[in-house]
Amino acid sequence: MDRKDVIRSAYRLTGGSSFYDGMITCSTLSGKAVCRLAWAMNKAENDAYLEKALSGIPEHFSGRLLEVPVGTGILTMPLYQTLPEADITCLDYSADMMGQAQEKASRLHLHNVTFRQGDVGALSYEDNTFDIVLSLNGFHAFPDKEAAYREVFRVLKPGGTFCGCFYVKGEHKRTDWFVRHIYEKTGFFTPPYETASSLKNRLERMYAAVTLGQVKGIAWFVCRK
Ligand SMILES: C[S@@+](CC[C@H](N)C(=O)[O-])C[C@H]1O[C@@H](n2cnc3c(N)ncnc32)[C@H](O)[C@@H]1O
């Protein structure tokens, strides 16, 4: 299965029952409406940034990977099915979101994925532990972003990969409006936010090699420590 198939197969896991899963995958009717309205994206654009964000994980990867935040696992459990040799740790603040990810993992019989409730800003792992840290749609939600950047860098091995995606402000007016008036008010997003150029500058200051790009108001990145 190539990466596009993996992302598409995530949609099948939604079962059409979860509003969140439908939205983050731009798949259900309500999810597509939110994608279009708030993010000005169609499904192909949604797939495109996810594929780029996940491109930091090699096929047949067999090292240690930390995913934070895992959320409901809708984007990654199907991918982990293709990585049976990897040692995967999934972390999230919210037991409720992560419980949904755990259900998906057991439905898919994933035995190499462990789940931990915790704070990205205070990770309980030694320095240089992980080969890859993956963070999808997390940094716009994290309350202490400086601590999150520091902790991710600390637990990555030298030469390790930090990859993922999240909202950047200033790229699409309607998206910025929704973030300020809806997502922030409901507590899903927490300022301050990066712009595309502040993110580029930050990552280039911290990491040895950085590849990044955007689809509308979402930036994706792949960095090597
Ligand atoms: C928008 S969801 C993204 C989840 C998933 N990666 C996805 O793309 O569907 C944001 C998640 O960040 C988690 N979160 C927020 N602050 C956190 C923190 N300090 N440490 C760990 N997880 C956190 C929330 O519980 C929520 O599950």
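Dividing the summed -39500 (n - 2.57) terms of all DSSP H runs of n ≥ 4 by the residue count of the chain sets its mean residue ellipticity at 222 nm at -11000 deg cm²/dmol. Beta bridges from DSSP with both residues in segment 60-224: antiparallel share about 40 percent, rounded to the nearest 5. For Lys216, the lysines whose Cα falls under 17 Å of its own Cα, not counting residues fewer than eight places away in the same chain, are Lys32, Lys43, Lys52, Lys169, Lys173, Lys200. Scanning the chain for cysteines with no neighbouring cysteine C-beta under 4.7 angstrom from their C-beta gives Cys90, Cys163, Cys165, Cys223.
Sites listed here are GluC sites (Glu not before Pro) in segment 98-168 whose DSSP assignment is loop and whose Cβ has at most 12 other Cβ atoms within 10 Å: Glu126. Ordering Leu29, Leu66 by the number of other Cβ atoms within 10 Å of each residue's own Cβ, fewest first, gives Leu29, Leu66. For segment 178-208, the list of chymotrypsin sites (Phe, Trp or Tyr not before Pro) that fall in a loop by DSSP and count at most 14 other C-beta atoms within 10 angstrom reads Phe188. The value obtained for the chain, namely the Cα convex hull volume divided by the number of residues, is 107 Å³ per residue.
Each value in this text was obtained by applying a stated rule to the coordinates, not by laboratory testing. These numbers were taken from a predicted model, which means no experiment stands behind them. For neighbour counting, all protein chains shown are included, and Cβ atoms are generated from backbone atoms with ideal geometry for every residue, glycine included.
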